[in-house]
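Derivation of every value follows stated rules applied to the coordinates shown; laboratory data play no part. Just so it is clear, the model here is predicted, and its values are computed rather than measured. Here the Cβ positions follow ideal geometry from the backbone for every residue, glycine too, while neighbour counts run over all protein chains shown.
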Amino acid sequence: MTTAISIRKSPIVIAHRGASGYLPEHTLVAKAYAHAAGADYLEQDVVLTRDDIPVVFHDLVLEEVTNVAERFADRRRADGHWYVIDLDFAELQTLQVHERVIPSTGDAVYLKRFHERLDLRIRSLAEELSFIRGLNAATGRHAGIYTEVKSPAWHRAEGKDSSPIILKTLAEFGYVGPDDDVWLQCFDAKELLRIKHELGCRLKLVQLIGENDWLESDNDYDAMRSPAGLADIARYASGIGPWIPHIVTWAQSGAQPEYSTLVRDAHGVGLEVHPYTFRIDDLPEGAPDVESAHRSLFDVAGIDGLFTDFSDVTLRLLGR
Ligand code: CA
């Protein structure tokens, strides 16, 4: 297995929502930190505002990472949530972005992260791409982008079509072809097929793979991970983004890692494998420590890239 790895190109490090281990996710400071750390790709999750501006934001709802509850108390829906899609871009600009909390209690999801409250804002996709273009120019080090179309079926049910808007913005920044330094990711296979065949997108596509009970889409993710499923994906995508436990698991703390055949099967049909998400403060269940979890993923399983909240740690362990 070691021989096979040594002839492959070195794996890519994808800054998951920026340097989100250190700074509130998807803020420009988090992107700057990840760029400075040397991440190969900076991730954008993209959702639409009420006035159809694509913004870099992970959730469909606002209350876990912003002060929306105090700012727009009356804009809560009957289901108890404040949705990005219910506010205009200008309204979203009045919100402070902060580290992720549990809204009902205000408790931090990750205790040892950045918990200051500062004037950090939600940014449009165009602002973020401009920021990255500026950093690439100023540093001479080129970081690519790794953009996710979030919940397209949900957007459509709300009367919004995000993919064409996202593709248009990417094109405005020169991201148009398979050799451009961009990966476009989505959990929804139907949307990826539409992006490729109806919208004529030529970017490298990544099929994200979750668990069926997460309800990310109506896709059957168990079937996707089978050799036949992977062969189907290879007809439209260049890679898959599975969950780390789809590749390696530890039955209990200290137990030997157990590997699936997913990476080998995916490589067999020409797909790259970029699993999510590595967190040094929230290791995969049962993983004994940061170093051995990394070794299992990169050296043994042979992944081609990793979504990480801690790009600097991943780069250091890769010897970069
Ligand atoms: Ca994402």
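The stretch between residue 158 and residue 193, if pulled fully straight at 0.36 nm per residue, gains 10.5 nm over its current Cα-Cα span. The ranking of 277, 66 by Cβ neighbour count inside 10 Å, starting from the fewest, reads 277, 66. Straight Cα distances below 23 angstrom link residue 31 to the lysines 112, 150, 168, 204, with same-chain residues fewer than 8 positions distant left out. Cβ crowding within 10 Å, taken as a proxy for footprinting-reagent exposure, orders 163, 253, 124 from fewest neighbours to most as 253, 124, 163.
The charge dipole of the stretch 32-140, taken about its Cα centre with unit charges on the Cβ of Lys, Arg, Asp and Glu (plus for the first two, minus for the last two), comes to roughly 240 debye.
Looking at 139, 105, 236, which one has the Cα that reaches farthest to the positive end of the dipole of the chain (charges on Cβ: Lys, Arg +1; Asp, Glu -1)? Ranked along the dipole, the leading option is 139.
For the chain, the relative contact order comes to 19 percent (Cα pairs under 8 Å, sequence separation of at least 6).
Close amide H contacts of residue 183 (hydrogens built in the peptide plane, cut-off under 5 Å, sequence separation of 5 or more or a different chain): 145, 146, 147. When only the Cβ of Lys, Arg, Asp and Glu is charged (+1, +1, -1, -1), the dipole of the stretch 142-240 relative to its Cα centre reaches about 320 debye.
Set the Förster distance to 30 Å, then compute FRET efficiency between residue 212 and residue 111 from the Cβ-Cβ distance, nearest 0.05.
Efficiency at R0 = 30 Å is approximately 0.45.
Cα centroid distance between the stretch 248-320 and the stretch 155-202, in Å? Centre-to-centre distance over Cα atoms comes out at 28 Å. By how many degrees, 0 to 90 and rounded to 10, does the Cα axis of helix 162-172 deviate from the longest principal axis of the chain? For helix 162-172, the angle is close to 80 degrees.
Considering only beta bridges that DSSP places wholly inside the chain, some 30 percent are antiparallel.
Among residues other than residue 21 with Cβ under 10 Å from its Cβ, the summed charge is -1 (Lys and Arg +1, Asp and Glu -1). The residue list 288, 273, 95 was ranked by how far each Cα lies along the charge dipole of the chain toward its positive end, using unit charges on Cβ atoms, and 273 comes out on top. If only the Cβ of Lys and Arg carry +1 and only the Cβ of Asp and Glu carry -1, the dipole of the stretch 70-208 around its Cα centre is close to 240 debye.
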